[in-house]
Structures are given as C-alpha cells and as structure tokens.
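Report on the structure given below.
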Amino acid sequence: MPSLWMTLTVIIYLFAIGFLGYRGFRSTHTASDYMVAGRRIHPYVMAMSYGATFISTSAIVGFGGAAGVFGMGLLWLTFLNIFLGIFVAFVAFGGRTRVMGLRLDAHTFPELLGRRYKSRFLQGAAAVIIFVFMPLYASAVLIGAAKYLGAQLGIPYETALFIFSAIIALYVIMGGIKGVMYTDALQGTIMLLGMIILIVLTYKSLGGISASHRELSSLASMVPEKLAKGGHLGWTAMPKFGSPLWWTLVSTIVMGVGIGVLAMPQLAVRYMTVKSNKELNRAVPVGGVFILVMTGVAFVVGALTNVYFFRTVGKISIAAAAGDVEAIIPMYIKQAMPAWFSILFMLTLLSAAMSTLSSQFHAMGTSFGRDLVEQAIRKGKGVGGVLATRLGVLIGILVSVWLGYELEKQFGKEGIAIVARGTAIFFGLCACAFLPMYVGALWTRAVTKAGAIAGMLSGAFASLLWMLFVHEKESTALLLCNKLFGVRSLAIRMVEGPEAGQMVEQFIKHGKIIWAFVDPLIIGLPLAIVVTVVVSLLTRKFSEEHLQRCFGAPPKAV
Amino acid sequence: MLLGIEDPWVWLAYVLCIASALLCVVWGFLRWNREDAVEEPEAEIRHWAEEEDKVEEEL
C-alpha cells in the first residue's frame, strides 16, 4: 500500500510545479527579456533544462532495466551521451546552430533547415516526420511514468495514465512549456539529487565500488542459457563480438541512441535560446556531470541489481522481475532502498517525464503550426499559426495518450512492445533523416537544396523500411512483415528443424553481420550521407548571397 | 581486474564516462569568461527575440 506521505508529496510536488509554470516565469521571462534586455539565462538553468529534457523516465527505468540484462557494457551509451550529447553538441553544434538560427530568424528545427536550404518542402517534410513519429516517443515516456506511478500509488495502469496525462496537459496548457526553463531546472535538480543518493546507497549497501563489481563479475556463471546462447558473457563484460546481443547492445542501444541525440529537434532549439556562445560553454560542465549522474548511475545500478537480487532471492534481476525488463529498477528501489527514498525517486521520475514530455509537445505543436500549416501549406502567406499550433499540441497529447491506452487494449503485450520501441525508433529516424543535412547546414557551403532533400528522404525511408521489414525487434512488433511475407523479418529464413516437418528460424548472416540485429541507423545514416554528398555534387549550388546570409561575410583578407 | 571489472572494454567505458564528464568540467571552466569572437548585431538579436516571443505566445 502506498503511504500517505507518498501520495501527499506527489500532490504537493505537482501543484508546486504547476504553480511555478503558471505564475512566476512565463509572464516575466520572455525571450526578449533575455536576449534584448540583457538578462541572461543562467548556464546552470540552461544545462539542467537541456539535461532534464534529454533524460526521460525511459532512460532511467527502461535503459536502467536493460543494464540489468546486458550489464555494464551500456556505459558506452553514457560515454556517447556525455561526449557527443553534451560536449560535441554544445561546443560544436550549439554555437553554430545559435548563430545561424539568429541570422535566418529560425525558431524551430525544421525552420532552421528549411531556411538554410531555402525549401518549404524540406521544412514541411521535417515537420511531418516530427509530428507523426514523436507521439510514439512521447507515448513511451508517458507509459513509463504511468506504470511507475500506478505501481507506487497502488492504482491501475489506465487510471494512472489518465491522471498523469491530464496533469501534463494542464501543465502544458498553463504555460509550462519551453518558456519555463526554470521548472525544468528545478526538476533537473531533483533528478540529480535522487540519482546521487541512489548510487551512494547502492555502493554502500553492496560493500563498495570494487567489491560490488567483483561480486557482479562472479555472477557470470549465472547467465541463463538463452542469454548465454545470444552471446552474454556476464554483467561486467561485453557480449561476444558479432553475437545477436552484441549487435543489439552496440548498434541499437549504444550507437542508435548515442548518435541520434545530435539531431533531436526538441534539443537543437535550446541552443538558440541563449544570449551568447559563452553561455553554451558555461553550460558544458553542468550538462556533462548531469548526464554522468543520470545514465551512468542508472546503468551501473541496473547492472548491480543482479548482485542484490542474487543475495536476497537467489535469482538474477530479469528472473526476479519475471521477465519484465522495465520492472527491474522499480522493484529494486522498492525492496532495497529506504521508504523515504522511494518518495524522492518517484519525484525524480515524475520530473524526468514531465520535463521531457513538455518539450516534446512543444516541438509537436510548433512543427504542426509554424512549420507545416504556416510555411509548407500556406506558403508563408498570412499567419493563422496560433490555432494550428495549439491544435498541434492538443493532437500530439491525444495521440500519445491514445497510443499508450489503445495499443495495449487492442494488441495486448505486442501493442506495448511497439510503443516500447518508440524511443529507439524516433532517435534512429531523426539521426538518419536530419543528421547529414544538419551537419551540412552548419559546416559546409557545398550541400545543395536537392542534396539535402534527397539525403533526408533516403535516410528516413531506408530506416523506416529497415524497421518494418528487417530489424527483428521492430519488424516483429510492427507485424507488417509477418502479414505480407509470413515471417517476422526478411533477414530470417525458415528452415527444416531437427524433427520431421518442423520449421525453425535461421538468421541470415554474412561473416559477423547478423542482419536482423543490425540497427536501422547503421544502414540509413551512411546511405543518407552518401546520397547527400552525391546529389550535392551533381546539382546547383546556392548563390553566394544566400550563403553569406547563412554564414556571415567571409573574413577580409589581410 | 580494474575496479572489479574483468573486461577491459567495460572498464574503459566506466573510466571514459568519468573522463568525459571531467573534460566537460575543465572545458567549461577554462572558457568561463571567453567572449565570442564576433558579436551578432543587436538589431538581429532583438528581431529574433521578438519573433521567439510570438512563437511562445502562440502556444
């Protein structure tokens, strides 16, 4: 039974956040205030807001649980998150995005790309990708939060989903979106505190850093047969090179999510809201430490839950959680941590979900209103964006909630499996569709309009087709491949089994490559890069005048 | 066995996580007061900020 304290704390927290969003900050802290009146967004606020948006419940509960299965190899994702997602993103992408956004008067990610490449089609198409696929990502975050909320407060999942969605909707409508970087920063601070306590208590209760790692290493013999067959070599070792688990860990979890973050629309817009590049530089230390404490702690603790569950119930985590990966972290918190920590962790997760969701809905709303309706459909004539933008937010929220509710009702576990892939699908798609032309937009004058469009379309379609028909995790969940071809992935062959008349699956391999486990990013991103380069070489370049508008005048020769 | 972790690829990841966070800290503090080489014109900033307020207002 949930304690009265927990329910009370959650209610007070939600009111406090809602109040902050509504009252203090929206009315007095507009972009003009910051940029023109000389007020500055404190770098701590900027970095925490970016970090809190970046890290959702699925990063902590979902990927933390995955670390309970795969082990500490997931720390490669943390490394990429810090190095690419913070250092390279802020230092290399941030400054250039900010300056170009200012020169081109761009306020959304599709708008930046559309103006840089002088293409309303590009702006509209990028907006469609965001508007159509982001609800899947938002739904994954909603479901994660609703599941945790439901379990902790002892209410059914559906009730938790509706209550939480209603609160989010209210929060967004009351103005708790991008303008309120301060609420994000408060939420980020709660997250930081929660995760620091979690790692300290975990290492302390398991006997220290090296001792607990050693004990985890010694559990390697406990790896279940099915995982061992897939290449699992223990929780402090990488899976066997070229095995199905290795491909999943390295190509999907580490590279798919780690690289995808560079081209996330809702994160890229944040660079534009600071006054100068100095603020971006100052935000780097806060962001780096924040991500280390978020995903680093989630993955280390996720792996170490195996030691805890083995000590207490004699089982490894995934067995203790009865096969439910997402249940590992919540179970561990409930059983191993003191009661007061459960309350703090609950706030940590609510904060993680709210800050991510609010910026997702912001991105969906502006994509629909400003990019799609105002620019691509009305060709920039007339405004009318207000209604469309608000409609976009509303549709985004409704579709995300509907996905979380209806898919499970309609398809049961398989429905949830589709949404559970939401984060990975969205990250992969963004990387393939946007990354080559985003890099091209910021660093080179050679990418042409046709090159950018061709690269975006080929990247998006390649990764979508790969998900629908080849990458086993998505193609199985999305069911289309099975309906059309009678097999859950085209990279799986049905061959005769050991018994007469029995057919078994065989994965198609070339050397170390098992195609069904190769992430869409590994196929889509290189293809998009090649197409962008080749088409750009063959088509007409932008005029010097336009390039000067984007990049500024070249420095005078001395 | 470093830090109780057997596989060098895993402890390398563990160490790199901390090292990259340290890199972020050092970088940020070294550049704490460095100004931009070229400041954007005030008019451009003003225009951008006003447009941004309009976008926020639409929500």
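Quick notes
- Accessible area buried between chains A and B, both sides summed, probe 1.4 Å, in Å² to nearest 100: 4800
- Solvent-accessible area of A:Lys449, all protein chains in place: 90 Å² (probe radius 1.4 Å, heavy atoms, ligands and nucleic acids excluded).
- Sorting A:Lys473, A:Lys226, A:Lys512, A:Lys275 by solvent-accessible area of protein heavy atoms yields A:Lys226, A:Lys512, A:Lys473, A:Lys275, largest first, with a 1.4 Å probe.
- Note on A:277-284: average number of Cβ atoms from other chains within 10 Å of each residue's Cβ is 5.
- Mean ellipticity per residue at 222 nm, deg cm²/dmol - from DSSP H runs of n ≥ 4 across chain A, formula -39500 (n - 2.57): -21000 deg cm²/dmol
- Note on surface exposure: A:Val399, A:Val99 rank A:Val399, A:Val99 by accessible area, highest first, 1.4 Å probe.
- Column: log10 I(q)/I(0), Debye, Cα scatterers of segment A:84-164, q = 0.20 Å⁻¹: -0.88
- Apportionment of accessible area to carbon and sulfur, the protein assembly as shown, percent (1.4 Å): 69
- Over 21 Å (Cα to Cα) - which of A:Lys147/A:Lys315; A:Lys118/A:Lys379; A:Lys379/A:Lys541; A:Lys147/A:Lys483; A:Lys204/A:Lys334; A:Lys240/A:Lys334 fall in this group: A:Lys147/A:Lys315; A:Lys379/A:Lys541; A:Lys147/A:Lys483; A:Lys240/A:Lys334
- The charge dipole of segment A:42-426, taken about the Cα centre with unit charges on the Cβ atoms of Lys, Arg (+1) and Asp, Glu (-1), comes to about 960 debye, rounded to the nearest 20.
- Counting, for every residue in B:43-51, the Cβ atoms of other protein chains within 10 Å of its Cβ and taking the mean gives 6.
- Unit charges at the beta carbon, dipole of segment A:42-426: most positive-side option, A:Leu198, A:Gly396, A:Ser243: A:Gly396
- Exercise: per-residue mean of other protein chain Cβ atoms within 10 Å, A:72-82: 6
- Segment A:42-426 - percent relative contact order, Cα under 8 Å, separation 6 or more: 39
- For segment A:339-367, accessible area lost to neighbouring protein chains reaches 10 Å² or more, against the chain alone with a 1.4 Å probe, at A:His362, A:Thr366.
- Heavy-atom accessible area order for A:Ile12, A:Ile333, largest first, 1.4 Å probe: A:Ile12, A:Ile333
- Over all orientations, chain A has a Cα convex hull whose mean projected area works out to 28.1 square nanometres.
The values are calculated or read from the model by the stated rules, or taken from the named source; none is laboratory data. Since this is a predicted model, take the numbers as computed values, not measurements. Positions of Cβ are generated from backbone atoms using ideal geometry, with glycine treated the same way; all protein chains shown enter the neighbour counts. The protein model used for the area step is the full one, side chains on, heavy atoms only, and it has no ligands, DNA or RNA in it. Shrake-Rupley method; radii C 1.70, N 1.55, O 1.52, S 1.80 Å.
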